[in-house]
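Engineer: Got a structure for you, questions after.
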Amino acid sequence: MRVLVLPFLVAALLVGQAGPAGAHFPSDLSYPVFQFPDGLEPSIDGDLSDWQMVPERYWTGTAELMETVRGLGEQFDEQDLGVRTAVGWSHTRNRLYFAVAAYDDIHNVDRGAPPDGIWGGDIWEIVVDADHSGGIYNGFSNQQLEDRWRSAQAQNYHVFLPPEQPDWTMWLWGKGQWVCQLPYAQVGWQYDGVPGGKGTVFQEVSLTPFDDLNWAGPDSSVVHQLREGEILGISWSFLDFDASDKDYDGFWNLSHATRMDHTADLFPDFVLQPIEPTVTVVADGATASPTRSGMAPSYPNPFNSQTTIRYELGTAGRVRLAVHTATGQHLRTLVDQVLPAGAYSATWDGRDESGRVAASGVYLCRIQTGTFSEVRKMVSVR
Ligand SMILES: [Ca+2]
Ligand SMILES: [Ca+2]
Ligand SMILES: [Ca+2]
Ligand SMILES: [Ca+2]
(Lines give C-alpha, C1' and ligand atoms only; values in the text may rest on other atoms or scores of the structure.)
(Ligands and ions follow the chains in the order given, each with its own letter.)
Protein backbone atom coordinates (compact mmCIF):
# COMPACT_ATOMS: atom_id res chain seq x y z
CA MET A 1 0.00 0.00 0.00
CA ARG A 2 1.31 3.40 -0.89
CA VAL A 3 0.13 6.74 0.41
CA LEU A 4 0.93 9.52 -2.00
CA VAL A 5 2.34 12.81 -0.92
CA LEU A 6 -0.19 15.40 -1.95
CA PRO A 7 2.08 17.97 -3.68
CA PHE A 8 3.48 15.23 -5.89
CA LEU A 9 0.00 14.09 -6.86
CA VAL A 10 -1.19 17.59 -7.63
CA ALA A 11 1.86 18.15 -9.80
CA ALA A 12 1.12 14.93 -11.68
CA LEU A 13 -2.48 15.92 -12.19
CA LEU A 14 -1.69 19.41 -13.35
CA VAL A 15 0.51 18.16 -16.16
CA GLY A 16 -2.27 15.83 -17.20
CA GLN A 17 -0.74 12.57 -16.04
CA ALA A 18 -2.40 9.93 -14.00
CA GLY A 19 -0.98 9.17 -10.61
CA PRO A 20 1.17 6.05 -10.40
CA ALA A 21 -0.77 2.83 -10.08
CA GLY A 22 -0.65 1.88 -6.45
CA ALA A 23 0.08 -1.50 -4.99
CA HIS A 24 -3.52 -2.31 -4.43
CA PHE A 25 -4.92 -3.68 -1.24
CA PRO A 26 -5.08 -6.36 -0.02
CA SER A 27 -1.98 -7.29 -2.02
CA ASP A 28 -1.61 -10.60 -3.90
CA LEU A 29 -5.34 -10.81 -4.42
CA SER A 30 -7.55 -9.98 -7.36
CA TYR A 31 -11.22 -10.48 -8.07
CA PRO A 32 -12.72 -11.56 -11.41
CA VAL A 33 -15.27 -9.43 -13.30
CA PHE A 34 -17.81 -11.51 -15.22
CA GLN A 35 -18.22 -10.68 -18.91
CA PHE A 36 -21.86 -10.58 -19.98
CA PRO A 37 -22.29 -11.73 -23.60
CA ASP A 38 -24.08 -9.34 -25.96
CA GLY A 39 -27.81 -9.44 -25.41
CA LEU A 40 -27.51 -11.00 -21.96
CA GLU A 41 -26.52 -7.90 -19.99
CA PRO A 42 -28.57 -7.65 -16.80
CA SER A 43 -31.72 -5.56 -16.66
CA ILE A 44 -31.24 -3.06 -13.86
CA ASP A 45 -34.42 -3.85 -11.97
CA GLY A 46 -33.41 -5.58 -8.72
CA ASP A 47 -34.37 -8.99 -10.13
CA LEU A 48 -31.09 -10.93 -9.93
CA SER A 49 -32.24 -13.86 -12.07
CA ASP A 50 -30.14 -12.50 -14.95
CA TRP A 51 -27.07 -13.11 -12.75
CA GLN A 52 -27.75 -16.85 -12.44
CA MET A 53 -25.31 -17.51 -15.29
CA VAL A 54 -22.50 -15.97 -13.20
CA PRO A 55 -20.40 -18.83 -11.76
CA GLU A 56 -19.68 -19.06 -8.05
CA ARG A 57 -16.07 -17.88 -8.29
CA TYR A 58 -17.30 -14.39 -9.21
CA TRP A 59 -19.31 -13.95 -6.03
CA THR A 60 -18.00 -12.45 -2.83
CA GLY A 61 -19.71 -12.04 0.49
CA THR A 62 -19.54 -10.77 4.02
CA ALA A 63 -16.49 -12.93 4.74
CA GLU A 64 -14.35 -10.87 2.33
CA LEU A 65 -15.18 -7.63 4.15
CA MET A 66 -13.38 -5.95 7.05
CA GLU A 67 -15.06 -3.69 9.59
CA THR A 68 -12.71 -0.74 10.07
CA VAL A 69 -14.54 1.91 12.08
CA ARG A 70 -15.98 0.15 15.13
CA GLY A 71 -13.09 -2.27 15.40
CA LEU A 72 -14.99 -5.47 14.64
CA GLY A 73 -12.42 -6.49 12.04
CA GLU A 74 -13.43 -9.83 10.58
CA GLN A 75 -15.96 -10.61 13.31
CA PHE A 76 -19.01 -10.37 11.11
CA ASP A 77 -22.50 -11.45 12.05
CA GLU A 78 -24.71 -12.27 9.08
CA GLN A 79 -27.79 -11.70 11.24
CA ASP A 80 -26.67 -8.07 11.53
CA LEU A 81 -25.55 -7.64 7.92
CA GLY A 82 -25.05 -10.36 5.33
CA VAL A 83 -24.17 -9.57 1.75
CA ARG A 84 -23.53 -11.40 -1.50
CA THR A 85 -21.99 -9.40 -4.32
CA ALA A 86 -20.74 -9.77 -7.90
CA VAL A 87 -19.34 -7.51 -10.59
CA GLY A 88 -19.86 -7.84 -14.34
CA TRP A 89 -18.93 -5.95 -17.47
CA SER A 90 -19.99 -5.60 -21.09
CA HIS A 91 -17.53 -4.95 -23.88
CA THR A 92 -20.12 -3.69 -26.35
CA ARG A 93 -21.99 -1.46 -23.94
CA ASN A 94 -18.81 -0.42 -22.08
CA ARG A 95 -20.52 -0.71 -18.73
CA LEU A 96 -19.77 -2.16 -15.32
CA TYR A 97 -22.54 -4.00 -13.49
CA PHE A 98 -22.85 -4.62 -9.77
CA ALA A 99 -25.27 -6.91 -7.98
CA VAL A 100 -25.94 -7.33 -4.29
CA ALA A 101 -28.31 -9.24 -2.07
CA ALA A 102 -28.00 -7.56 1.32
CA TYR A 103 -29.75 -8.89 4.42
CA ASP A 104 -29.94 -6.39 7.26
CA ASP A 105 -31.71 -6.62 10.62
CA ILE A 106 -32.70 -2.94 10.48
CA HIS A 107 -32.87 -1.69 6.92
CA ASN A 108 -32.94 1.94 6.00
CA VAL A 109 -34.69 3.78 8.79
CA ASP A 110 -36.42 6.92 7.50
CA ARG A 111 -34.26 9.81 8.67
CA GLY A 112 -36.14 12.51 6.77
CA ALA A 113 -36.23 14.03 3.32
CA PRO A 114 -33.16 13.94 1.08
CA PRO A 115 -30.56 15.18 0.70
CA ASP A 116 -29.99 15.62 4.47
CA GLY A 117 -32.12 12.63 5.37
CA ILE A 118 -29.92 10.17 3.53
CA TRP A 119 -27.29 10.32 6.24
CA GLY A 120 -27.78 7.64 8.78
CA GLY A 121 -29.43 5.38 6.22
CA ASP A 122 -27.85 2.16 4.99
CA ILE A 123 -25.53 2.84 2.06
CA TRP A 124 -23.58 0.77 -0.42
CA GLU A 125 -20.60 2.86 -1.45
CA ILE A 126 -19.02 1.73 -4.71
CA VAL A 127 -15.70 3.21 -5.78
CA VAL A 128 -14.23 2.74 -9.25
CA ASP A 129 -10.81 3.58 -10.69
CA ALA A 130 -11.29 2.28 -14.21
CA ASP A 131 -7.83 3.07 -15.62
CA HIS A 132 -6.11 1.81 -12.46
CA SER A 133 -4.32 5.13 -12.04
CA GLY A 134 -4.54 5.12 -8.27
CA GLY A 135 -4.21 8.53 -6.70
CA ILE A 136 -6.14 10.82 -4.42
CA TYR A 137 -9.63 11.66 -5.56
CA ASN A 138 -11.06 13.47 -2.55
CA GLY A 139 -9.80 15.82 0.15
CA PHE A 140 -7.62 18.32 -1.73
CA SER A 141 -5.87 21.24 -0.12
CA ASN A 142 -7.98 24.06 -1.52
CA GLN A 143 -11.40 24.55 -3.01
CA GLN A 144 -10.17 25.06 -6.57
CA LEU A 145 -8.33 21.75 -6.58
CA GLU A 146 -11.21 20.07 -4.82
CA ASP A 147 -13.71 21.34 -7.38
CA ARG A 148 -11.74 20.06 -10.33
CA TRP A 149 -10.14 16.87 -9.05
CA ARG A 150 -12.63 15.37 -6.67
CA SER A 151 -13.96 12.24 -8.40
CA ALA A 152 -11.49 12.71 -11.29
CA GLN A 153 -9.10 9.80 -10.64
CA ALA A 154 -11.83 7.61 -9.18
CA GLN A 155 -15.52 7.91 -8.49
CA ASN A 156 -17.25 7.28 -5.20
CA TYR A 157 -20.93 6.39 -5.68
CA HIS A 158 -23.37 6.15 -2.81
CA VAL A 159 -26.16 3.71 -3.53
CA PHE A 160 -28.95 3.64 -0.98
CA LEU A 161 -30.06 0.30 0.40
CA PRO A 162 -32.88 0.66 -0.46
CA PRO A 163 -33.57 4.28 -1.38
CA GLU A 164 -36.11 5.92 0.87
CA GLN A 165 -37.41 7.87 -2.12
CA PRO A 166 -37.60 6.19 -5.51
CA ASP A 167 -35.99 9.14 -7.29
CA TRP A 168 -33.11 9.35 -4.85
CA THR A 169 -31.19 6.20 -5.58
CA MET A 170 -27.59 7.24 -6.13
CA TRP A 171 -25.30 10.11 -5.29
CA LEU A 172 -21.73 10.83 -6.36
CA TRP A 173 -19.35 12.25 -3.81
CA GLY A 174 -18.52 15.49 -5.60
CA LYS A 175 -20.27 17.81 -7.94
CA GLY A 176 -20.69 15.55 -10.95
CA GLN A 177 -24.21 14.34 -10.26
CA TRP A 178 -24.85 14.05 -13.99
CA VAL A 179 -23.09 10.65 -13.97
CA CYS A 180 -25.72 9.21 -11.62
CA GLN A 181 -28.37 9.15 -14.34
CA LEU A 182 -28.97 7.41 -17.61
CA PRO A 183 -27.25 6.95 -19.97
CA TYR A 184 -24.28 6.89 -17.58
CA ALA A 185 -25.66 5.04 -14.56
CA GLN A 186 -28.74 3.23 -13.36
CA VAL A 187 -29.94 1.64 -10.12
CA GLY A 188 -32.70 -0.91 -9.72
CA TRP A 189 -33.79 -2.55 -6.51
CA GLN A 190 -36.33 -4.73 -4.78
CA TYR A 191 -36.80 -5.05 -1.03
CA ASP A 192 -38.69 -7.85 0.66
CA GLY A 193 -39.06 -6.10 4.03
CA VAL A 194 -40.41 -2.82 5.37
CA PRO A 195 -38.33 0.32 6.08
CA GLY A 196 -36.87 0.06 9.56
CA GLY A 197 -37.42 -3.70 9.67
CA LYS A 198 -35.37 -6.71 8.67
CA GLY A 199 -35.19 -7.96 5.13
CA THR A 200 -33.11 -8.40 2.02
CA VAL A 201 -32.45 -5.74 -0.58
CA PHE A 202 -31.72 -6.98 -4.09
CA GLN A 203 -29.96 -4.26 -5.99
CA GLU A 204 -28.33 -3.84 -9.39
CA VAL A 205 -26.21 -0.94 -10.53
CA SER A 206 -24.73 -0.08 -13.92
CA LEU A 207 -21.91 2.43 -14.14
CA THR A 208 -19.90 4.06 -16.89
CA PRO A 209 -16.12 3.83 -16.39
CA PHE A 210 -14.11 7.06 -16.60
CA ASP A 211 -10.45 7.94 -17.12
CA ASP A 212 -11.27 11.45 -16.00
CA LEU A 213 -14.52 12.70 -14.58
CA ASN A 214 -15.09 16.44 -14.65
CA TRP A 215 -18.10 17.62 -12.70
CA ALA A 216 -18.78 20.19 -15.44
CA GLY A 217 -20.17 17.50 -17.73
CA PRO A 218 -19.53 14.76 -20.27
CA ASP A 219 -17.84 17.05 -22.81
CA SER A 220 -14.91 17.72 -20.49
CA SER A 221 -14.76 14.15 -19.17
CA VAL A 222 -13.08 11.08 -20.65
CA VAL A 223 -14.89 7.75 -20.71
CA HIS A 224 -12.70 4.69 -20.19
CA GLN A 225 -12.91 1.91 -22.78
CA LEU A 226 -13.09 -1.46 -21.05
CA ARG A 227 -10.79 -4.15 -22.45
CA GLU A 228 -10.72 -7.86 -21.71
CA GLY A 229 -7.86 -8.78 -19.37
CA GLU A 230 -7.26 -5.33 -17.95
CA ILE A 231 -7.11 -4.56 -14.25
CA LEU A 232 -9.45 -2.05 -12.67
CA GLY A 233 -9.36 -0.68 -9.16
CA ILE A 234 -12.76 -1.29 -7.52
CA SER A 235 -13.96 -1.43 -3.97
CA TRP A 236 -17.10 -1.04 -1.93
CA SER A 237 -18.28 -0.43 1.60
CA PHE A 238 -21.48 -1.26 3.35
CA LEU A 239 -22.35 1.44 5.84
CA ASP A 240 -24.78 -0.26 8.21
CA PHE A 241 -26.76 2.07 10.43
CA ASP A 242 -29.28 0.36 12.66
CA ALA A 243 -30.72 1.94 15.79
CA SER A 244 -28.68 5.15 15.66
CA ASP A 245 -28.12 7.57 12.82
CA LYS A 246 -24.99 8.87 14.54
CA ASP A 247 -22.90 5.75 14.87
CA TYR A 248 -22.16 3.06 12.36
CA ASP A 249 -23.33 -0.35 13.39
CA GLY A 250 -20.69 -1.42 10.97
CA PHE A 251 -18.47 0.06 8.25
CA TRP A 252 -17.66 -3.02 6.22
CA ASN A 253 -15.33 -2.66 3.29
CA LEU A 254 -13.76 -4.89 0.71
CA SER A 255 -10.57 -2.84 0.60
CA HIS A 256 -9.98 -3.38 4.32
CA ALA A 257 -8.94 0.30 4.50
CA THR A 258 -11.36 3.04 5.48
CA ARG A 259 -9.30 5.65 3.56
CA MET A 260 -10.23 4.06 0.26
CA ASP A 261 -12.79 6.86 0.26
CA HIS A 262 -9.91 9.27 -0.47
CA THR A 263 -7.19 7.27 -2.18
CA ALA A 264 -7.63 4.93 -5.12
CA ASP A 265 -4.32 3.26 -4.25
CA LEU A 266 -6.27 1.37 -1.61
CA PHE A 267 -8.70 -0.31 -4.02
CA PRO A 268 -8.51 -4.05 -4.68
CA ASP A 269 -7.68 -5.22 -8.20
CA PHE A 270 -10.47 -6.52 -10.42
CA VAL A 271 -9.67 -8.29 -13.69
CA LEU A 272 -12.05 -8.16 -16.69
CA GLN A 273 -12.61 -11.79 -17.65
CA PRO A 274 -13.27 -13.36 -21.08
CA ILE A 275 -16.70 -14.84 -21.75
CA GLU A 276 -17.14 -18.02 -19.72
CA PRO A 277 -17.19 -21.27 -21.74
CA THR A 278 -20.43 -22.18 -19.96
CA VAL A 279 -22.22 -19.30 -21.63
CA THR A 280 -20.51 -19.54 -25.00
CA VAL A 281 -22.63 -20.62 -27.92
CA VAL A 282 -21.66 -24.00 -29.36
CA ALA A 283 -22.55 -22.94 -32.86
CA ASP A 284 -22.63 -25.34 -35.78
CA GLY A 285 -21.52 -22.55 -38.08
CA ALA A 286 -19.29 -19.64 -37.19
CA THR A 287 -22.03 -17.06 -37.30
CA ALA A 288 -25.04 -19.32 -37.50
CA SER A 289 -27.79 -18.47 -35.08
CA PRO A 290 -30.90 -20.58 -35.23
CA THR A 291 -34.12 -18.72 -35.68
CA ARG A 292 -36.27 -21.42 -34.09
CA SER A 293 -36.06 -23.30 -30.85
CA GLY A 294 -36.31 -27.05 -30.77
CA MET A 295 -34.98 -30.38 -29.52
CA ALA A 296 -33.79 -33.20 -31.78
CA PRO A 297 -34.36 -36.92 -30.99
CA SER A 298 -31.63 -38.16 -28.68
CA TYR A 299 -28.88 -40.28 -30.19
CA PRO A 300 -28.31 -43.16 -29.83
CA ASN A 301 -31.82 -44.26 -29.00
CA PRO A 302 -32.27 -46.87 -27.61
CA PHE A 303 -29.03 -46.42 -25.71
CA ASN A 304 -26.87 -48.42 -23.34
CA SER A 305 -24.36 -46.20 -21.51
CA GLN A 306 -25.24 -42.69 -22.63
CA THR A 307 -27.26 -40.66 -25.09
CA THR A 308 -26.85 -37.16 -26.48
CA ILE A 309 -29.64 -34.61 -26.72
CA ARG A 310 -29.21 -31.73 -29.17
CA TYR A 311 -31.28 -28.61 -28.88
CA GLU A 312 -31.41 -25.12 -30.33
CA LEU A 313 -32.51 -21.82 -28.89
CA GLY A 314 -33.92 -19.16 -31.19
CA THR A 315 -33.74 -16.55 -28.47
CA ALA A 316 -31.64 -16.17 -25.35
CA GLY A 317 -33.20 -17.17 -22.08
CA ARG A 318 -33.50 -19.60 -19.23
CA VAL A 319 -33.40 -23.26 -20.26
CA ARG A 320 -34.36 -26.29 -18.24
CA LEU A 321 -33.61 -29.71 -19.65
CA ALA A 322 -34.58 -32.63 -17.46
CA VAL A 323 -35.14 -36.40 -17.58
CA HIS A 324 -38.35 -37.87 -16.19
CA THR A 325 -39.67 -41.38 -15.80
CA ALA A 326 -42.43 -42.60 -18.11
CA THR A 327 -44.93 -41.59 -15.43
CA GLY A 328 -43.53 -38.04 -15.23
CA GLN A 329 -41.43 -38.37 -12.08
CA HIS A 330 -38.37 -36.11 -12.06
CA LEU A 331 -35.15 -38.10 -12.35
CA ARG A 332 -32.32 -35.77 -13.33
CA THR A 333 -31.72 -32.13 -14.30
CA LEU A 334 -29.28 -31.85 -17.19
CA VAL A 335 -29.39 -28.11 -17.87
CA ASP A 336 -30.75 -25.23 -15.82
CA GLN A 337 -29.22 -21.93 -16.85
CA VAL A 338 -29.57 -18.80 -18.92
CA LEU A 339 -28.09 -19.29 -22.39
CA PRO A 340 -27.64 -17.16 -25.49
CA ALA A 341 -29.37 -18.17 -28.71
CA GLY A 342 -27.47 -21.02 -30.34
CA ALA A 343 -27.10 -24.76 -30.80
CA TYR A 344 -26.22 -26.94 -27.82
CA SER A 345 -25.99 -30.50 -26.71
CA ALA A 346 -26.33 -32.28 -23.40
CA THR A 347 -25.51 -35.85 -22.45
CA TRP A 348 -27.45 -38.18 -20.19
CA ASP A 349 -25.51 -41.11 -18.71
CA GLY A 350 -28.62 -42.98 -17.64
CA ARG A 351 -28.21 -42.04 -13.96
CA ASP A 352 -30.44 -40.18 -11.56
CA GLU A 353 -29.52 -37.12 -9.48
CA SER A 354 -27.68 -39.22 -6.88
CA GLY A 355 -25.70 -41.16 -9.47
CA ARG A 356 -27.73 -44.37 -9.37
CA VAL A 357 -28.16 -46.17 -12.69
CA ALA A 358 -31.76 -46.05 -13.81
CA ALA A 359 -33.41 -49.32 -14.77
CA SER A 360 -33.99 -50.29 -18.40
CA GLY A 361 -37.11 -48.71 -19.79
CA VAL A 362 -38.69 -45.66 -21.31
CA TYR A 363 -37.71 -42.18 -20.12
CA LEU A 364 -38.83 -38.73 -21.14
CA CYS A 365 -36.56 -35.81 -21.90
CA ARG A 366 -38.29 -32.47 -21.43
CA ILE A 367 -36.95 -29.11 -22.50
CA GLN A 368 -38.54 -25.93 -21.25
CA THR A 369 -37.75 -22.29 -22.02
CA GLY A 370 -39.70 -19.11 -21.59
CA THR A 371 -41.33 -19.61 -24.98
CA PHE A 372 -41.58 -23.32 -25.72
CA SER A 373 -41.38 -26.78 -24.26
CA GLU A 374 -41.01 -30.17 -25.86
CA VAL A 375 -40.82 -33.79 -24.70
CA ARG A 376 -39.05 -36.72 -26.37
CA LYS A 377 -38.86 -40.40 -25.54
CA MET A 378 -35.58 -42.15 -24.73
CA VAL A 379 -35.18 -45.89 -24.22
CA SER A 380 -32.52 -47.24 -21.92
CA VAL A 381 -31.32 -50.80 -22.53
CA ARG A 382 -28.99 -52.09 -19.85
CA1 LIG B 1 -32.00 -7.75 -13.21
CA1 LIG C 1 -27.61 -4.26 10.74
CA1 LIG D 1 -8.33 6.60 -12.52
CA1 LIG E 1 -29.02 -1.16 8.88
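Engineer: Can you pull out every residue in the range 28-57 that is closer than 20 Å to Glu230 by Cβ, among the aliphatic types (A, V, I, L, M) and touching a residue at least 60 places away in the same chain (Cβ under 8 Å)?
Structural biologist: Leu29, Val33
Engineer: Can you give me the number of residues within the range 210-229 that are more than 16 Å from ligand 3 (Cβ to nearest atom) and more than 22 Å from the chain's Cα centre (by Cα)?
Structural biologist: Of the residues in the range 210-229, 4 are more than 16 Å from ligand 3 (Cβ to nearest atom) and more than 22 Å from the chain's Cα centre (by Cα).
Listed here are the residues, each with its yes/no results for (1) within 19 Å of the chain's Cα centre (by Cα); (2) modelled with pLDDT of 90 or more; (3) within 16 Å of ligand 2 (Cβ to nearest atom).
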residue	(1), (2), (3)
Trp124	yes, yes, yes
Val128	yes, yes, no
Ile136	no, yes, no
Gln143	no, yes, no
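Engineer: Another question, then. Which residue, of Leu207, Leu232, is within 16 Å of ligand 3 (Cβ to nearest atom) and over 22 Å from Thr169 (Cα atoms)?
Structural biologist: Leu232
Engineer: For the range 345-367, which positions are under 14 Å from Thr307 (Cβ atoms) and assigned to a strand (DSSP E or B)?
Structural biologist: Ser345, Ala346, Thr347, Trp348, Arg351, Val357, Gly361, Val362, Tyr363, Leu364, Cys365
Engineer: Show me the strands (runs of 3 or more DSSP E) found entirely inside the range 179-298 where at least 1 residues are assigned by TED's automatic domain parsing to the domain that holds Leu96, modelled with pLDDT of 95 or more and within 16 Å of ligand 1 (Cβ to nearest atom).
Structural biologist: Output list reads 186-191, 199-207.
Engineer: For the range 222-238, does any single residue satisfy the condition of being over 22 Å from Arg95 (Cβ atoms) and touching a residue at least 60 places away in the same chain (Cβ under 8 Å)? Walk me through it before giving the result.
Structural biologist: Taking the range 222-238 and keeping what is over 22 Å from Arg95 (Cβ atoms), we get 238.
Retained after the next criterion (residues that are touching a residue at least 60 places away in the same chain (Cβ under 8 Å)): 238.
Yes, the range 222-238 has at least one match.
Engineer: Are any residues in the range 67-89 surrounded by fewer than 20 Cβ atoms within 10 Å (Cβ to Cβ), away from ligand 4 (no atom under 12 Å from the Cβ) and part of a strand (DSSP E or B), and if so, which ones?
Structural biologist: Hits for the range 67-89 are Gly73, Arg84.
Engineer: Test each condition in (1) surrounded by 15 or more Cβ atoms within 10 Å (Cβ to Cβ); (2) more than 20 Å from the chain's Cα centre (by Cα) for Ala243 and report the one that comes out false.
Structural biologist: (1)
Engineer: Take the range 303-327 and flag every residue that is part of a loop (DSSP other than H, G, I, E, B) and either touching a Leu at 6+ places or on another chain (Cβ under 6 Å) or surrounded by 13 or more Cβ atoms within 10 Å (Cβ to Cβ) (or both). Outline the logic, then answer.
Structural biologist: Quick first cut of the range 303-327, residues part of a loop (DSSP other than H, G, I, E, B) only: 304-306, 314-316, 326-327.
Those that are part of a loop (DSSP other than H, G, I, E, B) and either touching a Leu at 6+ places or on another chain (Cβ under 6 Å) or surrounded by 13 or more Cβ atoms within 10 Å (Cβ to Cβ) (or both): Gln306, Gly314, Thr315, Ala316.
Engineer: Restricting to the range 43-66, name every residue that is part of a loop (DSSP other than H, G, I, E, B) and away from ligand 1 (no atom under 15 Å from the Cβ).
Structural biologist: Result: Pro55, Trp59, Leu65.
Engineer: Here is a further query. Would it be correct to say that Gly370 is over 20 Å from Leu40 (Cα atoms), outside any strand (DSSP E or B) and not acidic (Asp, Glu)? First the steps, then the outcome.
Structural biologist: On the way: over 20 Å from Leu40 (Cα atoms): no; outside any strand (DSSP E or B): yes; not acidic (Asp, Glu): yes.
In short, no.
Engineer: For the range 354-363, does any single residue satisfy the condition of being within 34 Å of the chain's Cα centre (by Cα), under 30 Å from Ile275 (Cα atoms) and not assigned by TED's automatic domain parsing to the domain that holds Asp38?
Structural biologist: Within the range 354-363 (the criterion being within 34 Å of the chain's Cα centre (by Cα), under 30 Å from Ile275 (Cα atoms) and not assigned by TED's automatic domain parsing to the domain that holds Asp38), the answer is no, since none of the residues qualifies.
Engineer: Report the residue count in the range 152-174 for those that are touching a strand residue (DSSP E or B) at 6+ places or on another chain (Cβ under 6 Å) and within 11 Å of ligand 3 (Cβ to nearest atom).
Structural biologist: Residues meeting the conditions: 3.
Engineer: Let me ask something additional. Any residue at all in the range 211-227 that is within 16 Å of ligand 2 (Cβ to nearest atom) and among the acidic types (Asp, Glu)? Let's see the steps before the verdict.
Structural biologist: Going through the range 211-227, the residues within 16 Å of ligand 2 (Cβ to nearest atom) turn out to be none.
Checked against the condition, which is being within 16 Å of ligand 2 (Cβ to nearest atom) and among the acidic types (Asp, Glu), the range 211-227 yields no hits at all.
Engineer: Filter the range 183-199 down to the residues that are out of contact with any Gly (no Cβ under 7 Å at 6 or more places or on another chain) and under 20 Å from Leu48 (Cα atoms), then identify the one that is nearest to ligand 3 (Cβ to nearest atom).
Structural biologist: Among them, the one singled out is Ala185.
Engineer: If you check His132, His158, which single one turns out to be assigned to a loop (DSSP other than H, G, I, E, B) and either under 19 Å from the mean Cα position of the chain (by Cα) or surrounded by fewer than 23 Cβ atoms within 10 Å (Cβ to Cβ) (or both)? Walk me through it before giving the result.
Structural biologist: Values: His158 fails: assigned to a loop (DSSP other than H, G, I, E, B).
One residue alone meets the criteria, His132.
The values are calculated or read from the model by the stated rules, or taken from the named source; none is laboratory data. What you are looking at is a predicted structure, and each value in this text was computed from that prediction instead of being measured. Because the Cβ atoms are built from the backbone with ideal geometry, glycine has one as well, and the counts that use them run over all protein chains shown.
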